[in-house]
Amino acid sequence: MTYKINGTPFLIEPQSGRWTPRSALGITGDGHPVYPAVREFEITWSALSPAQFYQLQTFFDGVASTGTAVVDLPEYAKSTYAFKSYSGCVLSEPEVGQYFTENYMDARMMVSNIR
């Protein structure tokens, strides 16, 4: 399987992806941390062509103001590496660094509201 948004695979596989650490919202009276129910996943690419970046921007534009997405990601905390479709996800606008030889460098996209 592979990374997908709303059933569409990326034009180029991400260089890396990671589940980001959750910050504790507070501490219970007996000292246990309280974490949010949702998680975030960061997807990164070292370089993207304009067409590849356009695909990411189109994914974001398609759900930015009206809804959520189904995103296929590596399943969190399982004994084997497998992808799972997470529904109700929110996409952040893709971020990029500098241009280099007509490519976008250091691109990243955050997927949040993952249950």
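The values are calculated or read from the model by the stated rules, or taken from the named source; none is laboratory data. Since the model is a prediction, treat every value here as computed from it, not as a measurement. Positions of Cβ are generated from backbone atoms using ideal geometry, with glycine treated the same way; all protein chains shown enter the neighbour counts.
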- Show the residue pairs that are 6+ apart or on different chains and have beta-carbon atoms under 9 Å apart, the first residue being within the stretch 22-38 and touching a residue at least 40 places away in the same chain (Cβ under 8 Å), the second being surrounded by 10 or more Cβ atoms within 10 Å (Cβ to Cβ) and of a type in the set (A, V, I, L, M). 38/114
- Task: Might you check whether a residue that is more than 26 Å from residue 97 (Cβ to Cβ) and modelled with pLDDT of 95 or more occurs anywhere in the stretch 42-50?
- Result: no
- Item | Pairs where the first residue, in the stretch 70-82, is β-branched (Val, Ile, Thr) and the second is assigned to a strand (DSSP E or B), C-beta under 6 Å, 6+ apart | 70/85; 70/87; 71/5; 71/86; 71/89; 71/111
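Take the residues in the stretch 2-60 that are assigned to a loop (DSSP other than H, G, I, E, B) and within 11 Å of the chain's Cα centre (by Cα), then tell me which one is surrounded by the fewest Cβ atoms within 10 Å (Cβ to Cβ).
Just the residues of the stretch 2-60 that are assigned to a loop (DSSP other than H, G, I, E, B), to begin with: 2-3, 6-7, 10-15, 20-25, 28-32, 35-38, 49.
Next, only the ones that are within 11 Å of the chain's Cα centre (by Cα) stay: 3, 14, 20.
Working: 3: 19, 14: 17, 20: 12.
It comes out as 20.
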- Can you name the residue in the stretch 61-79 that is β-branched (Val, Ile, Thr) and more than 24 Å from residue 23 (Cβ to Cβ) and, of all such residues, is surrounded by the most Cβ atoms within 10 Å (Cβ to Cβ)? 63
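Take the stretch 69-115 and flag every residue that is of a type in the set (Asp, Glu), modelled with pLDDT of 95 or more and assigned to a loop (DSSP other than H, G, I, E, B).
So the first thing to find is which residues in the stretch 69-115 are of a type in the set (Asp, Glu), and the list is 72, 75, 93, 95, 102, 106.
Narrowing further to those that are modelled with pLDDT of 95 or more: 72, 75, 93, 95, 106.
Correct list: 75, 93.
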- Does the stretch 57-66 contain at least one residue that is at pLDDT below 95 and among the acidic types (Asp, Glu)? yes
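Test residue 54 against the criterion of being of a type in the set (Phe, Trp, Tyr), at pLDDT 95 or above and under 22 Å from residue 2 (Cα atoms), and give yes or no.
Working: of a type in the set (Phe, Trp, Tyr): yes; at pLDDT 95 or above: yes; under 22 Å from residue 2 (Cα atoms): yes.
Here the answer is yes, as residue 54 does meet what is asked.
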- Note on the structure: When every residue in the stretch 83-115 that is touching a residue at least 60 places away in the same chain (Cβ under 8 Å) and touching a Pro at 6+ places or on another chain (Cβ under 8 Å) is compared, the one surrounded by the most Cβ atoms within 10 Å (Cβ to Cβ) is 109
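Restricting to the stretch 61-97, name every residue that is among the aromatic types (Phe, Trp, Tyr) and under 14 Å from the mean Cα position of the chain (by Cα). Full working, then the answer.
Just the residues of the stretch 61-97 that are among the aromatic types (Phe, Trp, Tyr), to begin with: 76, 81, 83, 86.
Scanning the stretch 61-97 gives 76, 83, 86.
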